[in-house]
Amino acid sequence: MKKLLFIIAILIAVANQQGFAQKTNIEVEFPAFKDSTVLLAYYIDGKVFVKDTLQSNGNGLFKYESHESLKQGIYSVVGGKTKQVDFLLGEKQTVSIAIEGNDYSVKGNDESVQFYKYQQHLKEQQKKRLALTRHYQKYKTNKDSLAVYRKKLKELNATMNTYWKDHANKYKGSFFGTFMASMIPVDLPAEAFKGVYPQKRWQAEYNYRKNHYFDHFDLTDARLINTPTIKGKFELYFNKVLLQVPDTILQESIRLIEKAKPDPEMYKYVASFALNNSLTSKYMGMEDVFVKLAQKYYLSGEASWADSTMLSKIMEEVIKRSPTLIGNKAPDFKMQSIDEEWFSLHNIDSPYTLVVFWETDCGHCKKEIPHLYKSIFLPYRDKGLKVLAVYTHDNKEEWEEFVMDKGIEEWINVYDPDNQTNFRLNYNIVTTPAIFLLDKDKKIIAKKLGIDAIKNILESKI
């Protein structure tokens, strides 16, 4: 008998060591979907992904149980195509959710309950904001209405800021506390701008906001990746807070990537975001940011998460974009004109040269080429501007007809019917028209801009 009790004790001890107790226990009462599938989903970079299907008892009760903890973050219960309820999973992962119509409640561990209370508080604040905006729209012709609106809006913002700060401090160290802290916006304390001249105030505020934007956001805590807010946080910083100047974007990208390095997942996230954001940016010169970030973190071997396929694609983009970065000397080429004369780009003697790649069957070209002639070439031709227009196809008859019809004979019109110059690769010509502005040394000043932007640059240069 003693031997049997000893064996049972050993089995119990082994069971405890192996963690047979449920570490994650999620229960969802969802009567409206008792005959449907209900999913457990999670956030990554603001997007929702399916984790698993919740087990149903057939009467509207759904469960997810696991001997292992799920990664801490914001999760969702998803029913059908329209019903989604977010909840937080922190260190302790026992939670019960009851969903009835448009209402729901949360019980269980404190972090999940506090996040539920936060969601309810946020909803109430959003209602107040909406009512305030509607009232303002109704009485906005009143001179005093705007002042009252701004005052009350400021009060609402202050209420939310206080909520975030109080809960970040109270729950410091937990994921809920970390998430609350990540929501705190930048304060502009009056004492930080004492002695600043009024004409320098904007610059001082910009620098302060830039330098303190991530004060409450832990760049070494990968749990924040699993939230719906992280993407918006980074997009706002890179695309709105920062001046859209390549050197500034590059400097800030590197600063944040280096701060995130202690956490491998956050390091990967910040580096990937900065690289992709620079590649998709519509601002001129951001290709330079992409190339330098790619070389520093990916092509150098530092990005351990990048497989050979990803690195090959990044290398391909770097090769395509490197020759025509702002400040580089434009790749030279020699092409034939309609009259069968040969022209070399680097031999064109002019203080400024516009290189225009275009085609006759491009609808945008049909509008932009005449506009470019009238708005840019005519006003600046007597000031030394020359235009080298490259027809990208090989139909000489169509080309010559277009040149005569649009009256652009004064341009240096050339083409490369046999593609001997490889201009499409050297200038990364994907769409037309593609316009490059060069200085007297044939260095690229601007590229792929609209006509108004080119005109502004020429106004400042000439």
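Against the condition closer than 22 Å to Glu400 by Cβ and exposed (fewer than 14 other Cβ atoms within 10 Å of the Cβ), how does Gly384 come out, does it pass?
no
Return the total of residues in the range 53-70 being within 35 Å of the chain's Cα centre (by Cα) and buried (at least 16 other Cβ atoms within 10 Å of the Cβ).
Here the count works out to 3.
Looking only at residues that are touching a Phe, Trp or Tyr at 6+ places or on another chain (Cβ under 7 Å) and of a type outside the set (A, V, I, L, M, F, W, C) in the range 332-358, which one is farthest from Glu398 (Cα to Cα)?
Result: Lys334.
Residues checked against (1) more than 25 Å from Phe214 (Cβ to Cβ); (2) touching a residue at least 12 places away in the same chain (Cβ under 8 Å); (3) surrounded by 13 or more Cβ atoms within 10 Å (Cβ to Cβ):
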position	(1), (2), (3)
Gly108	yes, yes, yes
His121	no, yes, yes
Lys127	yes, no, no
Ala131	yes, no, no
Asp144	yes, no, no
Ala147	yes, no, no
Met160	no, yes, yes
His167	no, yes, yes
Gly177	no, no, yes
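Looking only at the range 351-372, count how many residues are among the hydroxyl-bearing types (Ser, Thr, Tyr) and modelled with pLDDT under 95.
1
Under the condition of being exposed (fewer than 13 other Cβ atoms within 10 Å of the Cβ) and under 16 Å from Ile249 (Cα atoms), which residue from the range 194-222 is farthest from the chain's Cα centre (by Cα)?
Looking at residues that are exposed (fewer than 13 other Cβ atoms within 10 Å of the Cβ) and under 16 Å from Ile249 (Cα atoms), I get Asn207.
Here is a check on your reading of the model: is Gly301 touching a strand residue (DSSP E or B) at 6+ places or on another chain (Cβ under 9 Å), surrounded by fewer than 21 Cβ atoms within 10 Å (Cβ to Cβ) and without any contact (Cβ under 8 Å) to a residue 60 or more places away in the chain?
no
How many of the residues making up the range 34-51 are over 20 Å from the mean Cα position of the chain (by Cα), hydrophobic (A, V, I, L, M, F, W, C) and either part of a loop (DSSP other than H, G, I, E, B) or exposed (fewer than 15 other Cβ atoms within 10 Å of the Cβ) (or both)?
Within the range 34-51, residues that are over 20 Å from the mean Cα position of the chain (by Cα), hydrophobic (A, V, I, L, M, F, W, C) and either part of a loop (DSSP other than H, G, I, E, B) or exposed (fewer than 15 other Cβ atoms within 10 Å of the Cβ) (or both) number 1.
What tally of residues in the range 323-361 results from selecting those that are of a type outside the set (Val, Ile, Thr), within 30 Å of Val291 (Cα to Cα) and in contact with a helix residue (DSSP H, G or I) (Cβ under 9 Å, 6 or more places away or on another chain)?
The number of residues fulfilling the criteria is 17.
Show the residue pairs meeting these rules: Cβ distance below 6 Å; 6+ apart or different chains; first residue within the range 247-259 and of a type in the set (A, V, I, L, M, F, W, C); second residue modelled with pLDDT of 95 or more and surrounded by 20 or more Cβ atoms within 10 Å (Cβ to Cβ).
Note: pairs meeting the criteria are Ile249/Val289; Leu250/Val289; Leu256/Val270; Ile257/Val270; Ile257/Ala271.
Please pick out the residue among Lys200, Lys231, Lys240 that is free of Cβ contacts under 8 Å to residues at least 40 places away in the same chain and under 30 Å from Ile74 (Cα atoms).
Result of the check over Lys200, Lys231, Lys240: Lys240.
Quick check on His346: is it at pLDDT below 95, part of a helix (DSSP H, G or I) and outside the structural domain of Tyr297 (by TED's automatic domain parsing)?
When the stated conditions are applied, His346 does not pass them.
If you go through the range 271-314, how many residues are more than 25 Å from Val245 (Cβ to Cβ) and within 16 Å of the chain's Cα centre (by Cα)?
Counting residues in the range 271-314 that are more than 25 Å from Val245 (Cβ to Cβ) and within 16 Å of the chain's Cα centre (by Cα) gives 0.
The values are calculated or read from the model by the stated rules, or taken from the named source; none is laboratory data. Because the structure is predicted, anything quoted here is derived from the model rather than measured. Using ideal geometry, Cβ is built from the backbone for each residue, glycine included, and neighbour counts are taken over all protein chains shown.
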